[in-house]
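Worksheet for the structure shown next.
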Amino acid sequence: MTIAIKRALISVSDKTGILDFASALNKLGVEILSTGGTYEHLLKNNIPVISVANVTKFPEILDGRVKTLHPNIHGAILARRDDDNHIAQLEKHDISGIDLVCVNLYPFEATVAKLDCTFNDAIENIDIGGPAMIRASSKNHQHVVIVTNPEDYSHIISQLQQHKDISQRHRLQLAYKAFSHTAYYDSIISQYLGSQLADNTKFAPQITIPLHLVQTLRYGENSHQKAAFYKDAGEVGGLLASFKQLQGKELSYNNLADTDTAWECVKQFTDAACVIVKHANPCGVALAADPFNAHKKANASDPVSSFGGIIAFNKIVDVDTARAVSSQFVEVVVAPGFTPEALASFSNKPNIRVLEIRLTHDEHNRFDYKRIGGGILVQSIEDKILDKTQLKTVTKIEPDSKIIDDLVFAWAVARFVKSNAIVLVKDGQTIGIGAGQMSRIDSSKLAMSKAREYGFDPVGSVCASDAFFPFRDNVDLLASGGVKAIIQPGGSIKDKEVFAAADELNIAMVLTGYRIFRH
């Protein structure tokens, strides 16, 4: 069989499937060139192969840093077969064309993910010749087939066996994938080098965000929208993207968005905690001695909104907790672990999505991104830890340690409530949450209304506000319901009036000095 591909260059770090691919090419009559470890690998497995050094008439030098960077290689890749002048130049310099290039790159991403990776290890795993060949082949894809992904091997062989060539559309698709491959690779290197600078929080003049596709989703926020889930490059331990799905239906766009909120909120706490999220907002959060009682309290906070919600735990879920969760309609349950008995219980409700995330502190998120028309907003993540010893009391009444604990808990919950956020807490349990209102007084009214609707007595509760009170009306409203302490940032031009109102109404008030808006 005479096929269009007569000569191929193969040089891969990831050798998955390469023996079958090279063997199939050989059977089709393709001459194979190779370098270094790939050359030895093919030779050892009795696949005819020619060393690139025999083509360049020059040995590999500088510990392998220079192998393929030579006119006999790049001329063979970049020459246009439909340009007589190019062909004449190849003949003049005795260069034979290369029709297929199969390259994947030094494992930079895997190298820097290792805990013992040194800076020198990282530098030596920056590929130079590989990206150069990929880019050259992709540029000349009309005449050269570029292969960077082992998943494409079998399809390429099938096309050659059936049609003796690769179609122009398929060549273009492979070139697109190849440039995406090198762009992703370079973005990881850029990100790593930036992380090595003394001040790595500065905003770069250009940014590239390395992401790879995990899965396409059934649809987006609404059924007419397309959606997909992409994962950050490198280690994402402790973050949602590291989840392992143990059972349940396919995750949706909204499932993932809400689960991220629930997981980020629950892992703030050291005591057993449960967070229930519905439509981007926590609707019930509680602390207890164990997950079972934490869930019981969180669910009681707003049993109507928790229907069909996302439930997150920061401790291993046992069978009693699993049974309690399974007794209601729930979309997702996420935790750092589940007992075998708990998983057996969940299996009786196979549609519940059960996710496990290793609870670690090796998280790497430094920036938060938000898409707007024609651009992206970038900010550092909101990860400021509240130091309760730095709280400033601005009223005559000093809150006691128990009240302080509830205030700190309320503040932690408010971090994940859409602004304007008002969170009422009593004994380590949310009893009313006002979220996403256009005015703070409406959020206060909503939180108070929620508390009363579900049988909670606000008397003796505490309140967290994600931003300052612009007027004293919020204090008046909260005091009328029995709130005895408030935590807020301060900073309003009406602060003195607000503080005076708190004193007048016998409410303790402490300031954090910073706000926690969430839009």
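Laid out as a table, the results:
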| read-out | value |
| --- | --- |
| Which listed residue is surrounded by fewer than 17 Cβ atoms within 10 Å (Cβ to Cβ) and more than 26 Å from Asp427 (Cβ to Cβ), from Gly337, Gly248 | Gly337 |
| Residues that are of a type outside the set (Val, Ile, Thr), out of contact with any helix residue (DSSP H, G or I) (no Cβ under 9 Å at 6 or more places or on another chain), at pLDDT 85 or above and open to solvent by 80 Å² or more (accessible area, probe 1.4 Å), drawn from the stretch 181-216 | Leu213 |
| Members of the stretch 410-457 that are within 23 Å of Pro470 (Cβ to Cβ) and part of a loop (DSSP other than H, G, I, E, B) | Arg415, Phe416, Val417, Lys418, Ser419, Asn420, Ala421, Ala435, Gly436, Gln437, Met438, Ser439 |
| Residue ID - surrounded by the most Cβ atoms within 10 Å (Cβ to Cβ), chosen from residues in the stretch 379-403 that are within 36 Å of the chain's Cα centre (by Cα) and without any contact (Cβ under 8 Å) to a residue 24 or more places away in the chain | Lys388 |
| Selected residue (criterion: most open to solvent (accessible area, probe 1.4 Å)) from residues of the stretch 484-519 that are over 12 Å from Pro470 (Cβ atoms) and in a helix (DSSP H, G or I) | Lys496 |
| Subset of the stretch 340-359 [touching a Gly at 6+ places or on another chain (Cβ under 9 Å) and open to solvent by 20 Å² or more (accessible area, probe 1.4 Å)] | Lys349, Pro350, Asn351, Glu356, Arg358, Leu359 |
| Tabulated pairs, the stretch 263-278, first in contact (Cβ under 8 Å) with a residue 60 or more places away in the chain, second open to solvent by 30 Å² or more (accessible area, probe 1.4 Å) and part of a loop (DSSP other than H, G, I, E, B), C-beta under 7 angstrom, 6+ apart or interchain | Lys267/Leu359 |
| Residue that is surrounded by the most Cβ atoms within 10 Å (Cβ to Cβ), among those in the stretch 50-63 that are part of a strand (DSSP E or B) and among the hydrophobic types (A, V, I, L, M, F, W, C) | Ile50 |
| Residue list for the stretch 288-298, restricted to those being surrounded by fewer than 24 Cβ atoms within 10 Å (Cβ to Cβ) and touching a strand residue (DSSP E or B) at 6+ places or on another chain (Cβ under 8 Å) | Ala288, Ala289, Asp290, Asn293, Lys296, Lys297 |
| Leu69 vs. criteria farther than 19 Å from Ile157 by Cα and of a type in the set (A, V, I, L, M) | yes |
| Selection count, the stretch 217-233, where residues are open to solvent by 100 Å² or more (accessible area, probe 1.4 Å) and closer than 10 Å to Asn254 by Cβ | 1 |
| Criterion (assigned to a loop (DSSP other than H, G, I, E, B), open to solvent by less than 20 Å² (accessible area, probe 1.4 Å) and free of Cβ contacts under 8 Å to residues at least 40 places away in the same chain) met by exactly one of Ile47, Ile32 | Ile47 |
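The values are calculated or read from the model by the stated rules, or taken from the named source; none is laboratory data. Values in this document were obtained by computation on a predicted structure and should not be read as measured data. Here Cβ is always computed from backbone atoms with ideal geometry, including for glycine, and neighbour counts include all displayed protein chains. For the accessible areas, the whole protein counts, side chains as well, though only heavy atoms, and no ligand, DNA or RNA atoms are used. Shrake-Rupley method; radii C 1.70, N 1.55, O 1.52, S 1.80 Å.
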